[in-house]
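The values are calculated or read from the model by the stated rules, or taken from the named source; none is laboratory data. Computed from a prediction, not measured in an experiment: that's the story for all the values here. Positions of Cβ are backbone-derived with ideal geometry, glycine not excepted, and every protein chain shown enters the neighbour counts. Note: areas computed on protein heavy atoms with side chains; ligands, DNA, RNA excluded. Shrake-Rupley method; radii C 1.70, N 1.55, O 1.52, S 1.80 Å.
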Amino acid sequence: MQKAAQDKYLPKTNETLPHYISEKLPAHIQLGGEPSNWSVKEVGDGNLNLVFIVAGTEKTIVVKQALPYVRAAGESWKLSTKRAFFEYNILALEARFAGQDLVPEVYFYDEEQALCAMEYLSPHIILRKELMAGKQFPNLAEDIGRFLARSLFFTSDLGMNAEEKKALVSKFVVNDELCKITEDLIFTEPYYDAELNDWTSPQLDEDVKKVWQDEEMIQVAMRYKYKFMTEAQALLHGDLHSGSIMVADSDTKVIDPEFGFMGPMAFDIGNYIGNLFLAYFSRPGWQSEEEECSLSQNWLLEQVSKTWQVFVAQFTQLWADKAQGEAYPVAIYQQGLGQAALTRAQQSFFETLLEDTLVNAGLEINRRIIGFAGVADFKEIADADLRAECERSALKLARELIVNARQYEDLQSVARYVQHCNKS
């Protein structure tokens, strides 16, 4: 009975965490000093979880615990703590396939307490904050392109044997609660007068009403919601934006994959690119000097194009080298049709993926400006009129990407339209 009481789920506090941690940490992870003297700070500023930084005399770690509700909304919005299971397992798979250098190391996972203890990333800072500050990172596009290529390829039918792929689908299909949040917040609520929507009002009132009346755009959004719900292409991070990436001068770590599930590849790619576009359009709110602002925006557009280029190059190489995967079987091309036929198949694959990526980027922009979970890039611009002006340009791009994605053959042509939105 005593063990059952001890194991019962309880949200941790600054006071209760040290003793718990001291009993759970693997022997090779030594924080140093007595647990009673450890420094503990709860720093969670996201929508869902408790996040603690625990520091001893020799080492610092992060402890993340799922709450039984949506933190940003309060206890009235109940949510299973099962998401900690998904985060732990997806981090393990990302480390296996993308590389441990791109994700934090996990020290232990306690399923009963819905809690993970993991590597404290220092001197890393959340990418969104750094982009808002106008900082640039030389390895960012290379790192995220590689992360996307390897994590998506090796968990798809292109790079994974059928038995293991179907086992992944079975394992992650039960992440239904967080998928439902995504379905509502990205694909549904921005397109009607939903209670949780939150935009810059009254400045954008008429712009938002136009979105709700835009049947052409909404029909595409509904089609992509269906794709999101039904296409189990690969294991997704599920929430890949600039708030889920931490950066140092030459290092990148992807964090917070609790929304992960087996879904369409373009969702992850489009979410990330969509957030780069959000950063682009927010720049006038953070850099009033025109030349400085323009230089930052140009770098962000370069990040969009380079990330895609790295992704395609690495994904193509993995495809060329593959030894398993039932999709596009090796024997068909190596022993039959030949390399030229494989190249054509790959070109068709990436054409479709680019179209889907652009649509998802547009959907991400709309939801961040109209929906419940806005982004600091815009929200923290103090001048509401200036903020709305920036957001209005982004909404123009969002519609173009959603409705006319098929017209764009590459991201350089998208960049030209982005610059047009910025000037109009």
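Looking only at residues in the stretch 345-365 that are surrounded by fewer than 24 Cβ atoms within 10 Å (Cβ to Cβ) and farther than 18 Å from Y226 by Cβ, which one is nearest to the chain's Cα centre (by Cα)?
So, considering only residues that are surrounded by fewer than 24 Cβ atoms within 10 Å (Cβ to Cβ) and farther than 18 Å from Y226 by Cβ, the one nearest to the chain's Cα centre (by Cα) is L354.
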| request: Go through the stretch 284-300 and give me each residue that's in contact (Cβ under 8 Å) with a residue 60 or more places away in the chain and not aromatic (F, W, Y). | output: P284, G285, Q287, E292, S296, Q297, L300
| said: As an exercise: evaluate N175 against (1) buried (at least 21 other Cβ atoms within 10 Å of the Cβ); (2) modelled with pLDDT of 95 or more and give the number of the one condition it does not meet. | reply: (2)
| So which residues in the stretch 36-48 are in contact with a Leu (Cβ under 9 Å, 6 or more places away or on another chain) and either without any contact (Cβ under 8 Å) to a residue 60 or more places away in the chain or open to solvent by 30 Å² or more (accessible area, probe 1.4 Å) (or both)? | W38, V40, E42, G44
| field | Residue count for the stretch 240-276, restricted to those that are within 19 Å of F153 (Cβ to Cβ) and either part of a strand (DSSP E or B) or open to solvent by 10 Å² or more (accessible area, probe 1.4 Å) (or both) | value | 6
| message | For the stretch 191-204, which positions are surrounded by 16 or more Cβ atoms within 10 Å (Cβ to Cβ) and closer than 24 Å to A382 by Cβ? | response | N197, W199, T200, Q203, L204
| Which of the following residues is in a helix (DSSP H, G or I), surrounded by fewer than 20 Cβ atoms within 10 Å (Cβ to Cβ) and touching a residue at least 60 places away in the same chain (Cβ under 8 Å): D385, D377? | D385
| For the subset of the stretch 78-110 comprising residues that are part of a strand (DSSP E or B) and out of contact with any Leu (no Cβ under 9 Å at 6 or more places or on another chain), which member is most open to solvent (accessible area, probe 1.4 Å)? | K78
| note | Taking first residues from the stretch 1-27 that are in a helix (DSSP H, G or I) and second residues anywhere that are modelled with pLDDT under 95 and open to solvent by less than 90 Å² (accessible area, probe 1.4 Å), the pairs with Cβ under 8 Å that are 6 or more apart or on different chains are none
| Inside the stretch 149-193, can you point out the residues that are without any contact (Cβ under 8 Å) to a residue 40 or more places away in the chain and aliphatic (A, V, I, L, M)? | A167
| task | Quick one: A331 ticks every box in (1) in contact with a helix residue (DSSP H, G or I) (Cβ under 8 Å, 6 or more places away or on another chain); (2) open to solvent by 50 Å² or more (accessible area, probe 1.4 Å) except a single one, so which number is it? | result | (1)
